[in-house]
1. Rg and Dmax of segment 5-55, Cα atoms, in Å?
2. Mind checking which lysines have their Cα closer than 30 Å to the Cα of residue 43? Skip sequence neighbours fewer than 8 apart in that chain.
3. Can you list the aspartates and glutamates whose alpha carbon sits under 18 Å from that of residue 141, skipping same-chain ones fewer than 8 residues off?
4. Can you give the percent of C-alpha pairs in the chain whose distance is more than 22 Å?
5. What size of dipole, in debye to the nearest 20, comes out for the chain about its Cα centre when the only charges are +1 on Lys and Arg C-beta atoms and -1 on Asp and Glu C-beta atoms?
6. Contact order normalised by length for segment 98-199, with contacts defined as Cα pairs under 8 Å and 6 or more residues apart; what percent is it?
7. Have a look at 150, 50, 185 and tell me which one the Gaussian network model of the chain (Cα, springs below 10 Å) gives the largest fluctuation.
8. If you project the alpha carbons of segment 63-134 onto the principal axes, what extent comes out on each, in Å, largest first?
Amino acid sequence: MSTMDRSFIGAGSIYLKPADDSAPLLPVGNVSEFKFSFEEDKKELKNYLGGGGNRNTISRISSISASVTAHDFTADNLAMALRGSATSASTTAITDEPHTSFGVADELIPFDKIPDLTKAITVKDSLETALTEGDDYMLTKAGIKVVDGGGIDNLGVSVSYTPLPSDMVQALIESGKEFALFMEGLNDAQDGKAFNIRVHRVKFSPVQNLDFISDDFASIPLELDVLADTTVTGSGLSTFMQIDLAQ
């Protein structure tokens, strides 16, 4: 009797949307790992009649969790990892943005937004006198750096510039949003046969570690709880997730 080969090497794309359907299902990006974990609450009644073993057992699934290792450092992915919010920053030109200064050589004065270095940037001292790049300050990707012996003192500066298009992530300001997760998968061991995973309701935990300086490609290790969705009703339907496998 022969058996059919159903070996499996999974790949695919993971999508997320708010559980309340207030936004579309959007991709997480490049993901190297996606897996589920199940914890069991098991009760055992010992066999006290002799011979050892158990007289009876009962078990229930106490929790379901999942982990996703993402490699695209998007604002949305970072917001999920940090229980934060992600918004697009304004690119409207900024005039006379004030900044504290100490007039110390190599002092960095970061602007409130990332400056577009291809556009004009004006720096003034506390007397509204325009300062000179190279003599008084050096431009950096974040703002300006004080030049030793230049015209920047401890009385502050003002800067005028145009921000680059950017996204802002405000960390740890959300209590934990709920999402629906969908995986559009394929089985590389079976000529790319399709499979889908629908997880009805998940909640992300704050990330434990997040590398911003490293010698290798960084990742965002996301941990999430799989929660029951009581809106899923009907005989034989799971309130947690559904897996569809192409034959």
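The values are calculated or read from the model by the stated rules, or taken from the named source; none is laboratory data. Just so it is clear, the model here is predicted, and its values are computed rather than measured. Please note: Cβ atoms are built from the backbone with ideal geometry, for glycine as well, and neighbour counts cover all protein chains shown. Note: areas computed on protein heavy atoms with side chains; ligands, DNA, RNA excluded. Shrake-Rupley method; radii C 1.70, N 1.55, O 1.52, S 1.80 Å.
1. 22.0, 61
2. Correct list for residue 43: 35, 203.
3. 97, 106, 107, 112, 116, 133, 167
4. Looking at the chain, the distances longer than 22 Å represent 69 percent of pairs.
5. I would put it at about 1660 debye.
6. Details: 173 pairs, mean separation 30.2, N = 102.
Here the relative contact order equals 30 percent.
7. Comparing 150, 50, 185 in the GNM, the peak value goes to 50.
8. Answer, in whole Å and largest first: 64, 28, 19 Å.
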